[in-house]
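Enquirer: This is the structure I have questions about; it appears just below.
The values are calculated or read from the model by the stated rules, or taken from the named source; none is laboratory data. From a predicted model like this one, the values you see are computed outputs, not experimental measurements. Here the Cβ positions follow ideal geometry from the backbone for every residue, glycine too, while neighbour counts run over all protein chains shown. All accessible areas refer to the heavy atoms of the entire protein, side chains included, with ligands and DNA or RNA removed. Shrake-Rupley method; radii C 1.70, N 1.55, O 1.52, S 1.80 Å.
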Amino acid sequence: MTILSLYTSSLRKHPRITNSLSTGFLFGSGDIIAQFINPTEDKYDPHRTLRAVIYGSAIFSFVGDKWYRILSKIKFPGPPLSNPKLNSIRTGVLKTGIDQLGFAPIGIPLYYSIMSILENKSIDGIGEKLEKNWLPTLQVNWMVWPIFQIFNLSLVPVQHQLLCVNVVSIFWNTYLSMRNSQKGVHLPVHSPPVPE
């Protein structure tokens, strides 16, 4: 049995637990990578990784699952084209536009807000983090995700879309973790640690 078939079987039997565990694991992995490639402290901080795991498993796995279920119901308006692949791609482009203009601008501040709360920051601290990070992160998001999402939302079965996002998100989560933990250092918008 392959890892994908085990994941699919687990997803069928226990969808919430499977999504929660896999998303938490992948957010935690992104933080571990971030701490090793861009250390902000002298030693590894397990509490920082735990916060990433909590956010991934308790927040993003459920929000992401609901969001992908909503996106799965969206169809391109009007008559279908004669080519089913073109229909799928056209719908994927529409879903990606909705995802990037609807979810990304809200999902990014959600991440920074929850992480700030888990870091025990004040309301002012949360506001400062959002002011410093929201727009640069959104700009990087728009350089990274649209092409991938067109592929994901056009060709990947809905039950595996969140998994595909989570696998690519290891790189994205690394970037988010580095940006979230920076102390007066500005990460460049043009070079996130993501695959091209």
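Enquirer: Which residues, taken from segment 10-53, are at pLDDT below 95, closer than 19 Å to residue 117 by Cβ and among the hydrophobic types (A, V, I, L, M, F, W, C)?
Expert: Listed by number, the list holds a single entry, 27.
Enquirer: A follow-up question, please. Give me the pairs, please: first residue somewhere in segment 70-96 and among the aliphatic types (A, V, I, L, M), second residue anywhere and surrounded by 12 or more Cβ atoms within 10 Å (Cβ to Cβ) and not in a helix (DSSP H, G or I), beta-carbon distance under 6 Å, and either six or more positions apart or on two chains.
Expert: 94/76
Enquirer: If you don't mind, there's one more thing I want to ask. So, in segment 91-143, exactly how many residues are β-branched (Val, Ile, Thr), within 17 Å of residue 177 (Cβ to Cβ) and in contact with a Lys or Arg (Cβ under 7 Å, 6 or more places away or on another chain)?
Expert: Final tally of qualifying residues: 1.
Enquirer: Being of a type in the set (Phe, Trp, Tyr) and closer than 21 Å to residue 72 by Cβ is the filter here, so list the residues in segment 126-171 that pass it. Outline the logic, then answer.
Expert: The first filter runs over segment 126-171 and keeps only residues of a type in the set (Phe, Trp, Tyr), leaving 134, 142, 145, 148, 151, 171.
Within segment 126-171, 145, 148, 151 qualify.
Enquirer: Here is a check on your reading of the model: is residue 168 hydrophobic (A, V, I, L, M, F, W, C), open to solvent by 20 Å² or more (accessible area, probe 1.4 Å), part of a helix (DSSP H, G or I) and closer than 19 Å to residue 62 by Cα?
Expert: Numbers: hydrophobic (A, V, I, L, M, F, W, C): yes; open to solvent by 20 Å² or more (accessible area, probe 1.4 Å): yes; part of a helix (DSSP H, G or I): yes; closer than 19 Å to residue 62 by Cα: yes.
Against the criterion (hydrophobic (A, V, I, L, M, F, W, C), open to solvent by 20 Å² or more (accessible area, probe 1.4 Å), part of a helix (DSSP H, G or I) and closer than 19 Å to residue 62 by Cα), residue 168 qualifies.
Enquirer: Residues 76, 62, 27: which one is part of a helix (DSSP H, G or I) and either surrounded by fewer than 18 Cβ atoms within 10 Å (Cβ to Cβ) or in contact with a Cys (Cβ under 9 Å, 6 or more places away or on another chain) (or both)?
Expert: Details: 76 fails: part of a helix (DSSP H, G or I); 27 fails: either surrounded by fewer than 18 Cβ atoms within 10 Å (Cβ to Cβ) or in contact with a Cys (Cβ under 9 Å, 6 or more places away or on another chain) (or both).
One residue alone meets the criteria, 62.
Enquirer: Here's something else I'd like to know. Tell me the residue from 122, 113, 20, 82 that is more than 23 Å from residue 151 (Cβ to Cβ), exposed (fewer than 14 other Cβ atoms within 10 Å of the Cβ) and among the polar types (S, T, N, Q), please. First the steps, then the outcome.
Expert: Numbers: 113 fails: exposed (fewer than 14 other Cβ atoms within 10 Å of the Cβ); 20 fails: exposed (fewer than 14 other Cβ atoms within 10 Å of the Cβ); 82 fails: more than 23 Å from residue 151 (Cβ to Cβ).
After ruling out the rest, the residue left standing is 122.
Enquirer: Hey, could you check segment 30-50 for residues that are in contact with a Pro (Cβ under 9 Å, 6 or more places away or on another chain) and not in a loop (DSSP other than H, G, I, E, B) and say which is farthest from residue 167 (Cα to Cα)?
Expert: Applying the filter and picking the extreme gives 37.
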